[in-house]
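Rule-based calculations on the coordinates, nothing more; no lab input. This one's a predicted model, so the numbers in the text were calculated from it and none came from an experiment. Don't worry about glycine lacking a Cβ; one is built from the backbone with ideal geometry, like all the others, and counts go over all protein chains shown.
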Ligand SMILES: Nc1ncnc2c1ncn2[C@@H]1O[C@H](COP(=O)(O)OP(=O)(O)O)[C@@H](O)[C@H]1O
Ligand SMILES: [Mg+2]
């Protein structure tokens, strides 16, 4: 079953002479347990597609469904709830909250979802342990290495057990060993937990583990 579908998505930035068609009639389906890799040159529309899939950006036309729910039919009140329960987002530059510790960063999605504080602390602690950064639970992001920050960001993306994990160049700012470990973590999340994982990357290691590779060029997508 498809966890996420995008049908005929078009996204245009700007108007007049500065108009850019970032996505041009793009369709993509991702099933549970599947790892899909999105590749393409810089500026081809990869991040835009991830943002649209993650409901963080509204397309000009086309439909995104998550577990068969058309996300454009949801009100602005219902969308955050769907994001919290269904979608985990891993950003290239981690986007951790600098005033919060690693553990607190991981707790944030659950706290917003209204989960009890004692439970969120426990869950966040477990995930940090699973990702090998339990010792850094009390550290602020500024005191973490790039690899540690990315693991904390991945823990935050996974804490609500979302059905979809979207990762934008998750290994681009990591050394080779840490990058390899991050690839493992994403792969296991799809295969052991039956989740849909969509990764934008140029990393050959992700190409090796991906079930499918799609290529974007000038906003147009094709299967490889
Ligand atoms: N917020 C924005 N405003 C205007 N143009 C944008 C914006 N974000 C991206 N673009 C343009 O849309 C195109 C696709 O960008 P992006 O999705 O970031 O590509 P990629 O992630 O493949 O590098 C590029 O030409 C980029 O300059
Ligand atoms: Mg990008």
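For this structure, a couple of remarks:
- The chain: mean projected area of Cα convex hull, nm²: 12.4 nm²
- Folded to 0 to 90 degrees: helix 117-130 orientation relative to the chain principal axis, Cα: 80 degrees
- Degrees separating the helix 102-112 axis from the principal Cα axis of the chain, which is the longest one: 60 degrees
- Helix 146-158 axis, angle to the chain major axis (alpha carbon atoms, nearest 10°): 80 degrees
- Ordering of 108-115, 162-169, 67-74, 23-30 by packing [mean C-beta count within 10 Å, highest first]: 162-169, 23-30, 108-115, 67-74
- Per-pair calculated FRET efficiency, R0 = 22 Å: residue 29 and residue 204 via Cβ, rounded to 0.05: 0.35
- Were the residues from residue 82 through residue 188 laid out at 0.36 nm apart, the gain over their Cα-Cα distance would be 35.8 nm.
- Its residue count N fixes a reference of 2.2 N^0.38 Å for segment 35-90, and the Cα radius of gyration divided by that reference is 1.19.
- For the chain, a Gaussian network of Cα nodes joined below 10 Å ranks 138, 147, 45 by mean-square fluctuation, and the top entry is 138.
- The listed peptides 117-123, 200-206, ordered by packing as a protection proxy, come out as 200-206, 117-123 (highest mean of other Cβ atoms within 10 Å first).
- GNM result for the chain, Cα springs below 10 Å: residue of 15, 65, 101 fluctuating most strongly: 15
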